[in-house]
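Everything below concerns the one structure shown next.
We did not get these values from a lab; they are worked out from the coordinates using the rules stated. The structure displayed is predicted, hence computed values, not measured ones. Glycine also receives a Cβ, built like all others from the backbone with ideal geometry; neighbour counts cover every protein chain displayed.
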Amino acid sequence: MLVENPSVVDNPLRAGLSETRTVAPCIMVIFGATGDLTQRKLLPALYSLAADQPPLPANFTVVGVARRPWSDEEFRQYAEDGVKEFARQPYDPALWETFAKGISYCQVEFDDDAAYRTLTEKLTQLDQERGTNGNRIFYLATPPRYYDDIVQRLGAAGAVERTTTGPSFSRLIVEKPFGHDRESAMRLNAELNQVFKEDQIYRIDHYLGKETVQNILVLRFGNGIFEPIWTREYIDHVQITVAESIGVEGRGGYYEEAGTLRDMVQNHMLQLTTLVAMEPPAGFAANLVRDEKVKVLHAIMPMSIDEVAECTVRGQYGPGWIGSQEVPGYREEKGVAPNSPTDTFVAAKIAIDNWRWAGVPFYLRTGKRLPKRISEVAIQFKRPPFSLFRNTGADELQPNILSMRIQPNEGIALKFGVKAPGQAMHIRTMNMEFLYGSSFGGEPPEAYERLLLDCMVGDSTLFTRRDETEAAWELVDAIEAGWQTEPDANPVELYDPGTWGPRRAEEFIERDGRSWRRL
Ligand SMILES: NC(=O)c1ccc[n+]([C@@H]2O[C@H](COP(=O)([O-])OP(=O)(O)OC[C@H]3O[C@@H](n4cnc5c(N)ncnc54)[C@H](OP(=O)(O)O)[C@@H]3O)[C@@H](O)[C@H]2O)c1
């Protein structure tokens, strides 16, 4: 007898990434509310969600928390300026008025216990005034050294319900960087877990909120043609590029402690790697997806010191010119030591030791002051096994490449050879291209919009789980250890601004008979 499969919706294991996204009224408490992230990303994203269809509930509430003695009015003005300048949805005075009614400010010095008690009383009062039922999302948009302190004091003030099954919810969103290495990430996890259960913690990596990043899953698992060839038999290698044209832009102090390896590779680059490499999950429930991503990280062996010398390159941008503009070198930036060894460019070759990917290198490169701002994942396929065209003057066939552009101009392109019209056999490489902008019109939602909404509805699929974060740090720690132990095997090489990084980055991939994509 045939047993009917339970539908996706009926089976909680297979739920997640679903259409039904009803937001319960809640308060979002933003720590670091007077900061850059809040003004440029968080408040504009919340406003755009309020302007979306369906909109956020009209009683959605925001409490900004920071040190300076602002009034509600001053904070609302700051928020309004941010919305006008940065929100995806156009500014609408009537909508703003409704939205702004739910915004208030609470001055808290992060080490002042009494202030947390005042904040908690304010939240209880707002619950009554605005009908938010005790539902709270705490967003840590502060310098990371405060994360633990804020959470402990919130817990002590009784602001958090440590449960996922109560009548109301408490959730915590934590910004990157999450720890400085594996040990500090584990310590932070343990500290946060004293106040919030793991299922209440949402570690944000905004890359996962980008449309094209989610589209990697749809492309792979929603189409019949790609997955069968998504293996070592057909794929030669994978290249992941996250390039920025800007320098550290006043964040030299932070960058001195982080460097590109910690700032970009530990999170965005490894997240992209896991999405490209993971096995199909049994469903899109958060833990099923994250289980598969963690397995990829566990299949990447931490590099030995010799492997670090062989498989990584680090660089730092020097002073120079971009077009007609003179730009400082990293060591001349504010807050940076004049002899700083910090990496602003990293290239790495990663081996995923499992059945699907054995022998298929993943080349990662990321850096600042590169020629353009561009992020993409490119799958380079193997050449045909036999060149029929070898005697036609067309035997230099280019390999097929499937590239997924994450920013800017989100889209997907497939490169393949075609015969150029004419009597002779000339083969030209052409692109079959899909662009989000021209296909769907309008701008896709900002990554933060997607992720904030996910947290409001309790969907943690696109947030990193505790074990994922720790596994990613283990890989990064091994590279950092190699650099520290044998600094001369892998010196920080200066590169000119506006170039694709140090010379060694080219040599490193050319040794394998491959080259970086020209982007
Ligand atoms: N900016 C971005 O684009 C971006 C992107 C990704 C991740 N992040 C992460 O997001 C976090 C915030 O970044 P940001 O650029 O917004 O930082 P920021 O502009 O320096 O803002 C820091 C915020 O923390 C508050 N603060 C600092 N010390 C405090 C204290 N002792 N007591 C009370 N409030 C205090 C500041 O309040 P006062 O102004 O009142 O002192 C301010 O609101 C960081 O972890 C960063 O790594 C930022």
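The ellipsoid that matches the Cα gyration tensor of the stretch 299-412 has semi-axes, each √(5λ) in whole angstrom, of 35, 22, 14, with the longest given first. Kindly provide log₁₀ I(q)/I(0) values, in the same order as q = 0.26 Å⁻¹, from the Debye equation applied to equal alpha-carbon scatterers of the stretch 61-147. Each listed q corresponds, in turn, to -1.40. If I take R0 = 22 Å and measure r between the Cβ atoms of Lys372 and Ser439 in this structure, what FRET efficiency does the formula 1/(1 + (r/R0)^6) give, to the nearest 0.05? Here the calculated transfer efficiency is 0.45.
Residues Arg518, Arg428 in ascending order of nearby Cβ atoms (within 10 Å, fewest first): Arg518, Arg428. Dipole magnitude for the chain: about 1200 debye, using +1 per Lys or Arg Cβ and -1 per Asp or Glu Cβ, origin at the Cα centre. Compute the Cα gyration tensor for the stretch 204-270, then decide on rounded, prolate or oblate, letting a ≥ b ≥ c be the square roots of its eigenvalues: rounded whenever a/c is under 1.5, prolate when a/b is larger than b/c in the other cases, and oblate in all that remain. It is prolate, given that a/c is not under 1.5 and a/b is the larger ratio. One compactness figure for the stretch 392-519 is 1.56, namely its Cα radius of gyration divided by 2.2 N^0.38 Å. A simple spin-label model places pseudo-atoms 7 Å from Cα toward Cβ; at Ala424 and Arg187 they are separated by 6.8 nm.
Extending 7 Å from the Cα toward the beta-carbon at both Asp149 and Arg390 defines two label points whose distance is 6.9 nm. For the stretch 215-343, relative contact order (Cα pairs under 8 Å, six or more residues apart, normalised by length) works out to 27 percent. Using the alpha carbons alone, the radius of gyration of the stretch 188-312 stands to its Kirkwood radius in an Rg to Rh ratio of 0.99.
Legend: Rg and Dmax of the stretch 425-499, from Cα coordinates, 21.7, 58 Å. Each Lys and Arg adds +1 at its Cβ and each Asp and Glu adds -1 at its Cβ; summed about the Cα centre, the stretch 21-175 shows a dipole of about 400 debye. Over the stretch 125-224, the fraction of Cα-Cα pairs per 10 Å bin, rounded to whole percents and listed from the shortest bin up, is 14, 37, 28, 17, 4, 0. Once you divide the Cα radius of gyration of the stretch 165-239 by 2.2 N^0.38 Å, the number left is 1.61.
In the stretch 209-510, the alpha-carbon atoms span a convex hull of 175 Å³ per residue. Given the options Pro487, Gly335, Ile240, identify the residue whose Cα lies farthest towards the positive end of the charge dipole of the stretch 209-510 (+1 on Cβ of Lys, Arg; -1 on Cβ of Asp, Glu). Final value for the positive-end residue is Ile240. Per q in 0.14 Å⁻¹, report the Debye log10 I(q)/I(0) for the stretch 21-175, using one uniform scatterer on each alpha carbon and no solvent. Here the Debye-derived log intensity ratios amount to -0.65.
Calculated mean residue ellipticity, 222 nm, the chain: -10000 deg cm²/dmol, from DSSP H runs (n ≥ 4) at -39500 (n - 2.57) each, averaged per residue and rounded to 500.
Note on His298, His206: ascending count of other Cβ atoms within 10 Å places them as His298, His206, the fewest first. Note: relative contact order over the chain, using C-alpha pairs below 8 Å and six or more positions apart, is 18 percent.
Both the radius of gyration and Dmax for the chain are 24.5, 84 Å, in that order, over alpha-carbon atoms.
At an R0 of 35 angstrom, the distance between the Cβ atoms of Asn431 and Glu326 translates into a FRET efficiency of 0.45. For the stretch 317-379, pairs of C-alpha atoms spaced more than 12 angstrom apart make up 77 percent of the total. The calculated FRET efficiency for Asn409 paired with Arg356, based on their beta-carbon distance and R0 = 41 Å, is about 0.85.
Counting only Cβ charges, +1 for Lys and Arg and -1 for Asp and Glu, the dipole size of the stretch 367-519 around its Cα centre is about 1040 debye. Cβ crowding within 10 Å ranks Asp343, Asp291 as Asp291, Asp343, fewest other Cβ atoms first.
A simple spin-label model places the labels of Asp113 and Arg232 5.8 nm from each other, with each point 7 Å out along Cα-to-Cβ.
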